[in-house]
Amino acid sequence: MARNGLLITFEGLEGSGKSTQIERSCEYLKDKEHDILFLREPGGVPLSEKIRDILLDVGNTDMTHECEMLLYMAARAQLVREKIIPALENGQTVICDRFLDSTLAYQGYGHDMNVEFIKDLGEFVTEDVSPDLTIIFDIDPAKGLGRIKGVKDRIEQRDLDYHARVQEGYHDIARQNPQRVKVIESDRTIEEVFERVRQYIDDVLGNA
Ligand SMILES: Nc1ncnc2c1ncn2[C@@H]1O[C@H](COP(=O)(O)OP(=O)(O)OP(=O)(O)O)[C@@H](O)[C@H]1O
Ligand SMILES: [Mg+2]
């Protein structure tokens with residue numbers, strides 16, 4: 001079956017404003033009569049939410065980088081088949097809070113793992129589902145982490161050097177995929193950031 005729906009993914013460091021801008025984007029698209037499915041990664045379906053709990057549990061101090069990468073991929077494999085592909089076949093607009101680019105940035109670049117291998121595995125895991133638009137919110141790692149309230153999860157607890165490598169990874173991903181991936185400097189007001197988000201969404205709707 002044809003995958004006629006749109007997939008838009010939101011990426012960026014912790015506290016960069018993904019959730020804030022997703023909420024606005026969903027409202028904007030609903031006003032335009034889009035049938036929206038909002039999902040988050042890791043998670044989005046019960047099995048993947050269980051994997052999320054394992055991944056973010058601060059008690060799992062002994063998790064290897066390989067195990068971590070594969071658990072993110074396993075959660076994604078389930079989400080893609082259970083929700084994303086059927087939704088795209090139904091013509092829905094799928095909004096996803098993080099997707100494969102997060103694994104490339106956090107595990108590939110962050111842990112200095114083999115990025116090309118992760119890309120190949122990603123093709124298998126996603127059945128070649130690729131976003132129509134990916135927006136990366138770019139923020140200084142310290143500033144983003146400073147915005148987070150409450151207890152930090154296993155990934156958020158990592159040091160600034162780790163998050164700086166993740167940010168560099170996002171920059172590389174954007175350079176390598178200029179058509180699909182757009183970067184927005186998110187050290188601006190929520191309104192200013194959304195204005196740019198809206199423009200990119202309008203562009204992809206125009207091209208869809
Ligand atoms: N442009 C902005 N300027 C100042 N504060 C912001 C801005 N955007 C979001 N915030 C605030 O920063 C905090 C983090 O934002 P948000 O939850 O949207 O980020 P996130 O990228 O989803 O983070 P996480 O990765 O932890 O889910 C929230 O308290 C939010 O209100
Ligand atoms: Mg969020």
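Summarising the label geometry, the points placed 7 Å from Cα in the beta-carbon direction at residue 1 and residue 111 lie 3.5 nm from one another. The relative contact order of the chain comes to 33 percent, based on Cα pairs under 8 Å that sit 6 or more residues apart. For residue 74 and residue 124, the difference between the fully extended length at 0.36 nm per residue and the C-alpha to C-alpha distance is 16.9 nm. Choose one answer from 61, 20, 134: the residue with the largest mean-square fluctuation in a GNM of the chain with alpha-carbon springs under 10 Å. So, out of 61, 20, 134, the one fluctuating most is 61.
Think of the chain as a dipole: +1 on every Lys or Arg Cβ, -1 on every Asp or Glu Cβ, centred on the Cα centre; then among 171, 64, 29, 29 lies furthest on the positive end. Just checking the listed ones, 155, 139, 22: in the Gaussian network model of the chain with Cα springs under 10 Å, the one fluctuating most is 155. Full extension of the chain segment joining residue 62 with residue 140 gains 25.2 nm, where the gain is 0.36 nm per residue of separation less the Cα-Cα distance.
Close amide H pairs (under 5 Å, H built 1.01 Å from N) link residue 138 with 184, 185, 186, residues at least 5 positions away or on another chain.
Over 24 Å apart at the Cα level, from the set 32/182; 83/149; 119/182; 50/152, are 83/149.
Note on the chain: helix-only mean residue ellipticity at 222 nm, from DSSP H runs of 4+ residues weighted -39500 (n - 2.57) and normalised by residue number, equals -15000 deg cm²/dmol.
Every read-out reported here was derived from the displayed coordinates using simple, explicitly stated rules and does not represent laboratory data. No experiment lies behind these values; they were computed from the predicted model shown. FYI the Cβ positions are ideal-geometry reconstructions off the backbone, even for glycines, and counts take in every protein chain you see.
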